[in-house]
Amino acid sequence: KKRDKGDELMAFVHGKDSKVFLDNNDFGQYFNNVDITRTADVTETTAFGGTAKSFISGDKDGTISMTGMFDSTADAILQPFLGSSTNTDICIGADGITDGKSIFFGTGVVTNYGQSSPVGEVVGTSLDLQANAGLFNGLVLDNATITATGNSTATDNGAGTTNGGGAIAIVTAVSGTSTPTATVKIQHSTNDSTYVDLVTFTNFTAVGSQVSEVASGTTINRYLRVNYTITGTNPSFNVIVGFGRVG
């Protein structure tokens, strides 16, 4: 039977492939549900004589709530996030965190970390995060083990954008001697030939994560790539880099 257009298979995603990073820690094995909420304030502008209310949009916001299973090793890492004076970076991939996959990411404050112990069931845990400066929705530009200076494959957005965005870099493993160092940059181009720097992260000499915001109104060219400058003896860095454009 010939397949009609309406019979085409949809590109649904199974939740089992989801990934969750807090800072440089992969917590996918401890959580089994993630709820991401992005909101925007509205302010009423209705004047006397109006027959219907009118509004203008305001600031964007974002919150993330996660539930899962308690583990003592994870607990030792999660506990310090609550009440920390520094923000926690977060990156979530509903379909994994590999090249070209869609991700939500940002940085924020952990507002809740709790546990539950129902009789006859697995001890549970929960965590809530309030984003600082909202959440970005973007793509993974590169997820690779980097051992030498070079560039990632370019990501083609189809067209440039003009309203800034956000960037994330996560280093999950580092090895080598003579102080291995990775300078990680996101570069952009109009023609996939000549690239200029867009985001430069602080040098990585150990595992860690960074989130950087590109100011509203900044033009982001059509093509993006990741540029690496690697130094040290036998250096190796496991790196995840993503970027989210603001429409």
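The values are calculated or read from the model by the stated rules, or taken from the named source; none is laboratory data. This structure is a prediction, so every number in the text was calculated from the model and none was measured. Cβ placement follows ideal geometry from the backbone for every residue including glycine, while neighbour counts extend to all protein chains displayed. Ligands, DNA and RNA are excluded from the accessible area calculation, which covers all protein heavy atoms including side chains. Shrake-Rupley method; radii C 1.70, N 1.55, O 1.52, S 1.80 Å.
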| field | Under 5 Å, built H, 5+ apart or other chain: amide partners of Ile103 | value | Gly138, Leu139, Val140
| task | Answer with a single label: of (1) 30, 28, 21; (2) 27, 21, 17; (3) 36, 19, 16, which was calculated as semi-axes √(5λ) of the Cα gyration tensor in Å from the structure in view? | result | (1)
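Given a 1.4 angstrom probe, what's the average accessible area per residue across segment 1-118, in square angstrom?
Values: 7730 Å² over 118 residues.
Counting only protein heavy atoms, the per-residue value for segment 1-118 is 66 Å².
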| note | With all protein chains in place and a 1.4 Å probe, Lys16 shows an accessible area in Å² (nearest 10) of 150
| remark: The set of residues whose placed amide H lies less than 5 Å from the amide H of Thr125, leaving out same-chain residues fewer than 5 positions away, is Gly68, Met69, Phe70, Ser116
| note | Log10 I(q)/I(0) at q = 0.15 Å⁻¹ for segment 148-227, from Debye over equal alpha-carbon scatterers, is -0.57
| request: Give a residue-ordered list of calculated ³J(HN,Hα) values for segment 66-78 (Karplus: 6.51 cos²θ - 1.76 cosθ + 1.60, θ = phi - 60°; whole Hz; x for Gly, Pro). | output: 10, 10, x, 10, 5, 8, 5, 5, 5, 4, 5, 8, 6
| field | Karplus 3J(HN,Hα) series, Hz, for segment 229-243 with 6.51 cos²θ - 1.76 cosθ + 1.60 (x for Gly, Pro) | value | 10, 10, 10, x, 9, 6, x, 8, 10, 8, 10, 10, 10, x, 9
| Can you list the HN-Hα couplings for segment 106-116, worked out from phi with the Karplus curve (6.51, -1.76, 1.60; θ = phi - 60°), rounded to whole Hz and with x for Gly and Pro? | x, 9, x, 10, 6, 9, 8, 9, x, 9, 9
| query | Simple spin-label model, 7 Å along Cα-to-Cβ: Thr161 to Thr46 in nm? | reply | 3.4
| Among the aspartates and glutamates, which have Cα under 16 Å from the Cα of Lys101 when same-chain residues fewer than 8 positions away are ignored? | Asp17, Asp142, Asp156
| note | Non-local residues with an amide H under 5 Å from the amide H of Asn132, with H modelled 1.01 Å from N and Pro and chain starts lacking one, are Thr107, Gly108, Val109
